[in-house]
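For reference, the structure discussed in these notes is given below.
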Amino acid sequence: MAQAAFSRIPSALPYGRQVEFFSRLRDANPAPVTELEYVNAFTLLVAVALSAQATDVGVNKATKGLFRKVTTPRQMVEFGLEALTEEIKTIGLFRQKAKNVIALSKRLVEEYGGEVPQSRAALMTLPGVGRKTANVVLNSVFNFPAQAVDTHIFRVGNRTRIAPGRDVEQVERAIEDNVPVEFQQDAHHWLILHGRYVCQARRPRCMICPVEDLCPFEEKTE
C-alpha cells in the first residue's frame, strides 16, 4: 500500500487556478526572458550548453568576452579548442563543455550550413545538447512554446501542483497539458524565475509569494 501511495502523482491545479496563478506571475513580470546573455541562436545554444551545473551569472561572465569574438559556428571552429577552453575555464566541467561546443559547431557547419536547426530532434543530435537545451533555444529564439524543465521548474511544478510529475519529462508534459495556451510561451520563464528567487529549495519565501494563497504546499514559511 505504501509503495502504491508513493507512486501516485497528485492531480494538477484546476483550470481556474492555473489561469489565476499565471495571471499574477504575468502581472509581476509581463515579458520574462532567459537570464543568459546571447547575441543570436548560436550563442544562446552555446550559453545553454555551458550552463549545465553552472549558474547563469557564471556563464555570462565567461561568455561576455567570448561572444565579442565569436558569434557563428564557423568562427567557433576557427577559434579552436585550446582558446575556447581557456576562455571558459571558470565554468564547471569546462574541458568537456569546450569539446562539445567545438564538436557541435563543426556539425552545424557541415550538416546545417552554419545555421541552428529549428527542430528539437535535429538540435538533440548535436554534441552536448539535451532536451532542455533544445527547448530553451526553440522557445527563446524561435518563439515555439517549448518547456525547458530544470530543477527549479521541477520543484515549483510539484510544490504548487501547477505541473506535477516524477521526472522532468513528466513535468514538461504536465505544463503542456494543463497550462492554458495564453501562458504557454512564457510559462517556463515565469516558473524558473519563481523557483530561483521566491520558491527556493531550502526555504521558500512564501511571505512574498504572489501566488501563496493558490499553492497547496503544506510546509509554508513565514
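The values are calculated or read from the model by the stated rules, or taken from the named source; none is laboratory data. Note that this is a predicted model, so its numbers are computed, not measured. Note that we place each Cβ from the backbone using ideal geometry, even for glycine, and neighbour counts take in every protein chain shown. Ligands, DNA and RNA are excluded from the accessible area calculation, which covers all protein heavy atoms including side chains. Shrake-Rupley method; radii C 1.70, N 1.55, O 1.52, S 1.80 Å.
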* Structure fact -> For residue 35, the lone unmet condition from (1) farther than 20 Å from residue 145 by Cα; (2) in contact with a helix residue (DSSP H, G or I) (Cβ under 6 Å, 6 or more places away or on another chain) is (1)
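Of the residues 173, 161, only one is among the basic types (Lys, Arg) and surrounded by fewer than 19 Cβ atoms within 10 Å (Cβ to Cβ); which?
173
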* To do: Identify the residue in the range 192-222 that is touching a residue at least 60 places away in the same chain (Cβ under 8 Å), open to solvent by less than 20 Å² (accessible area, probe 1.4 Å) and part of a helix (DSSP H, G or I) and, among all such residues, is nearest to residue 152 (Cα to Cα).
  => 194
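Conditions (1) touching a Pro at 6+ places or on another chain (Cβ under 8 Å); (2) not aromatic (Phe, Trp, Tyr), marked per residue:
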{"site": "83", "(1), (2)": "no, yes"}
{"site": "109", "(1), (2)": "yes, yes"}
{"site": "115", "(1), (2)": "no, yes"}
{"site": "119", "(1), (2)": "no, yes"}
{"site": "142", "(1), (2)": "no, no"}
{"site": "146", "(1), (2)": "no, yes"}
{"site": "172", "(1), (2)": "no, yes"}
* Structure fact -> Picked from the range 39-57 (must be over 13 Å from the mean Cα position of the chain (by Cα) and without any contact (Cβ under 8 Å) to a residue 40 or more places away in the chain), the residue surrounded by the most Cβ atoms within 10 Å (Cβ to Cβ) is 43
* To do: Kindly provide the set of residues from the range 145-165 that are part of a loop (DSSP other than H, G, I, E, B) and not basic (Lys, Arg), ordered by number.
  => 145, 146, 147, 148, 149, 150, 162, 163, 164, 165
* For the range 71-98, enumerate the residues that are under 23 Å from the mean Cα position of the chain (by Cα) and either among the polar types (S, T, N, Q) or open to solvent by less than 30 Å² (accessible area, probe 1.4 Å) (or both). => 71, 72, 73, 88, 90, 91, 96, 97, 98
* Tell me which residues, restricted to the range 166-191, are of a type in the set (Phe, Trp, Tyr) and either within 15 Å of the chain's Cα centre (by Cα) or outside any helix (DSSP H, G or I) (or both). => 190
* Considering every residue within the range 121-132, establish whether at least one is within 19 Å of residue 25 (Cβ to Cβ), open to solvent by less than 30 Å² (accessible area, probe 1.4 Å) and in contact (Cβ under 8 Å) with a residue 40 or more places away in the chain. => no
* Asked: Which numbered condition trips up residue 79, out of (1) under 19 Å from residue 138 (Cβ atoms); (2) modelled with pLDDT of 95 or more?
  -> (1)
* Would you check which residues across the range 52-71 are touching a helix residue (DSSP H, G or I) at 6+ places or on another chain (Cβ under 8 Å), over 17 Å from residue 34 (Cα atoms) and part of a helix (DSSP H, G or I) and list them? => 65, 66, 69
* Hey, any hits in the range 105-123 for a residue that's closer than 19 Å to residue 10 by Cα and part of a loop (DSSP other than H, G, I, E, B)? -> no
* Asked: in contact with a Leu (Cβ under 9 Å, 6 or more places away or on another chain), free of Cβ contacts under 8 Å to residues at least 24 places away in the same chain and either more than 25 Å from residue 82 (Cα to Cα) or surrounded by 22 or more Cβ atoms within 10 Å (Cβ to Cβ) (or both): does that describe residue 140?
  -> no
* Residue list for the range 78-93, restricted to those being of a type outside the set (Asp, Glu) and farther than 12 Å from residue 63 by Cβ -> 79, 80, 81, 83, 85, 89, 92, 93
